Structures are given as C-alpha cells and as structure tokens.
Amino acid sequence: MKIYKPTTPSRRGMTGIDFSQLTKKRPEKSLVLALRRSNGRSKATGRITTRHKGGGVKKLYRIVEFAQTKMDMPAKVIALEYDPNRTAFIALIEYHDKVRQYVIAPQDLKVGDETIFSLKAELKPGNRMMLKSIPVGTNVYNIELEPGRGGIAVRSAGSSAQVLAHETVFTNLKMPSGEVRKVKSECFATVGMVSNQENRYYTIGKAGKSRLKGRRPHVRGSAMNPVDHPHGGGEGRQPIGLKYPKTPWGKHALGVKTRYRKKWTNKYIIQRRKKK
C-alpha cells in the first residue's frame, strides 16, 4: 500500500495500490479485446437506465480463463499484471505447448512458479482441482457452482472461501460473506486467496480519480427538491423525514432482502450471510 504525503488537500488521506511486484510489460496482444461501453445507456433506446456512469479512461478487456481447460499440464507463470477491469491482479501463464492464458493470481504467487489444473494436485496457491480433493480448512477461490461452467464465485481482491466439510455429494463452503452453502464436490476451485489483499484499504482521495474510473457524481436525495426525490425539500439541511430511506422511485433502499424467496438454489444454503 502506498501512502502519499499531504502535499495537496486531495492527497491528504489518499492511498494507492503498490504495483512494484508486478511485471513491467504491455498486456498480451492475443489476449485482449476492445469492448464497446454502454455508459449506463440502454442498447435499444440509448436512454440512461443506470445513473452515475459515463466518461472514464479507455481500457482493453483482458480475456481471463476462469475454467483452465488444459488438464494435467503444468503451466509456468511468466508475468503478474494489473487488470483495469477487476480489483485482483492477473497472472500470465504459459503451458509446455506455448499456449498462454490469463488467470486470476493468488496471493504470494511469483514469476517462475508452476501451477496445474488437475483432479488432484499438490496443495499450493494457484493449483486448481476438485473440491472433494481439497482438505478441510483450506482456503479456495474462483469456485465453480456448477461442474464445467467455470469459476463464478469468490474472484475479488483479497477474498477466499473456506472448505468446512465433505459430504457424500456436496462440499460445505464458508463464503466471504459468512454464508455457508453446499457446492457439488465435482466442481473445481483454485487453492489460495485472491491477490491484492490491500485493496480494501484503497482510498480514492479525490473526485477526479472517480471520474477516470467512469463514475459520475452522485447527488444526495436530501439535496434535491420534493418533485425529484422522496428525501428532498425543506429549508436548509434537513433529515429525510421518513422511517426508512427510499430510492428516487419510492422503493425501500436499505435493509431490504433482494434475493428471490423461491429461488431454486435456496436448498443449498445451510446458513445465511451475516446481517450488517
């Protein structure tokens, strides 16, 4: 983590990510592509459907392999790189047949290390194997929820899930949110914890940095007029005057369960996540 000296008001309290451990190289040309940005607008009508999006620095999308299709073939880490599309760092790996892929880099992975995708492998960060082959108490990330679909859970910086128990067909995992859920033992997961653990302490520091990320200003509802927001109105600075916060369209904004009550995956959840 980089701590800046307070040379300007915006620098006071600003922190940055330490990129010294990353490889100084351009992204792999065959593994990047340009994506058309919507800037919060609907493709059909061109109208703004998601507020506070727009602008931002142009960036290329890195094609990250979440499934790692080459079974039982060791791969060497040839670079650790920054990815502007995610909070975690990514690793460029090369197989013996010279095929290269981007994968999410685990904590403590170094250039020159070897990783492997196998049904059962050595228990070290970066190796990917079936959940039933991973001992209880091990931290895992990039977890499949359906066999063969590729990792879709626990991929953000510094996150990891913990293997709690193995049953006949399922493995019990404690997710980063505190939720305990069943996942099929045939699903694959990567051993370790996602890199860039210090991202949680990252402080943007100034509005201009937010604009470079494509985030436009967010105006408080209490600063608006009553016609524009349920929180608006009143002389001077006022509280919202309601029992609970609302969205601009009058729906509950905080403390509301958004998960569909009859969702078919409810049967896999053993313990709900912690309430904040």
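Miscellaneous remarks
- GluC sites (Glu not before Pro) restricted to DSSP loop in region 28-101 with at most 15 other C-beta within 10 Å: none
- For the chain, the Cβ-based charge dipole about the Cα centre amounts to some 1660 debye (Lys, Arg positive; Asp, Glu negative; other atoms uncharged).
- Exposure proxy ranking, count of Cβ atoms within 10 Å, fewest first, for 1, 71: 71, 1
- A crude spin-label estimate for the pair residue 149 and residue 71, with each label 7 Å from Cα along the Cβ direction, gives 2.0 nm.
- Length-normalised contact order of the chain in % [C-alpha pairs under 8 Å, at least 6 apart]: 17
- Under 23 Å from residue 70, Cα to Cα: lysines that are on another chain or at least 8 residues apart: 29, 98, 110, 120, 124, 132, 184
- Filtered chymotrypsin sites (Phe, Trp or Tyr not before Pro), region 210-273: DSSP coil and at most 13 other beta carbons within 10 Å: 249, 260
- Quotient of C-alpha Rg and 2.2 N^0.38 Å, computed over region 87-127: 1.16
- Remark on residue 15: its backbone amide H falls under 5 Å from those of 203, a criterion applied only to residues 5 or more positions apart or on other chains, H modelled at 1.01 Å from N.
- Inter-part distance where region 184-221 and region 226-276 are each reduced to a Cα centre, Å: 22
- In plain terms, the residue of 132, 5 with the fewest other Cβ atoms within 10 Å comes first and the most crowded comes last, giving 5, 132.
- Label-point separation in nm, residue 95 to residue 57, each point 7 Å along Cα→Cβ: 3.3
- Couplings 3J(HN,Hα) of region 65-72, computed from phi: 8, 8, 10, 6, 7, 8, 7, 6 Hz, in residue order, whole Hz [Karplus 6.51 cos²θ - 1.76 cosθ + 1.60, θ = phi - 60°; x for Gly and Pro].
- Values of log10 I(q)/I(0), in the order q = 0.09, 0.21 Å⁻¹, for region 87-226 under a Debye, Cα-only, solvent-free model: -0.36, -1.23
- Calculated log₁₀ intensity ratio I(q)/I(0) where the Debye formula runs over C-alpha points of the chain, q = 0.11, 0.14 Å⁻¹: -0.84, -1.20
- A crude spin-label estimate for the pair residue 47 and residue 218, with each label 7 Å from Cα along the Cβ direction, gives 2.4 nm.
- Between 189, 88, 223, the Gaussian network model of the chain with springs among Cα atoms under 10 angstrom shows the greatest mean-square fluctuation at 223.
- Förster radius 45 Å - calculated FRET efficiency between residue 166 and residue 37, Cβ distance, rounded to 0.05: 0.55
- Net lengthening on full extension, residue 228/residue 136 (0.36 nm per residue, minus Cα-Cα): 27.8 nm
- A DSSP coil position with no more than 13 other Cβ atoms inside 10 Å describes the following GluC sites (Glu not before Pro) in region 99-203: 122, 167.
None of the figures in this text is laboratory data; all of them are computed from the coordinates on show. Note that the coordinates shown come from a computational prediction; the quantities given were computed from them, not determined experimentally. Here Cβ is always computed from backbone atoms with ideal geometry, including for glycine, and neighbour counts include all displayed protein chains.
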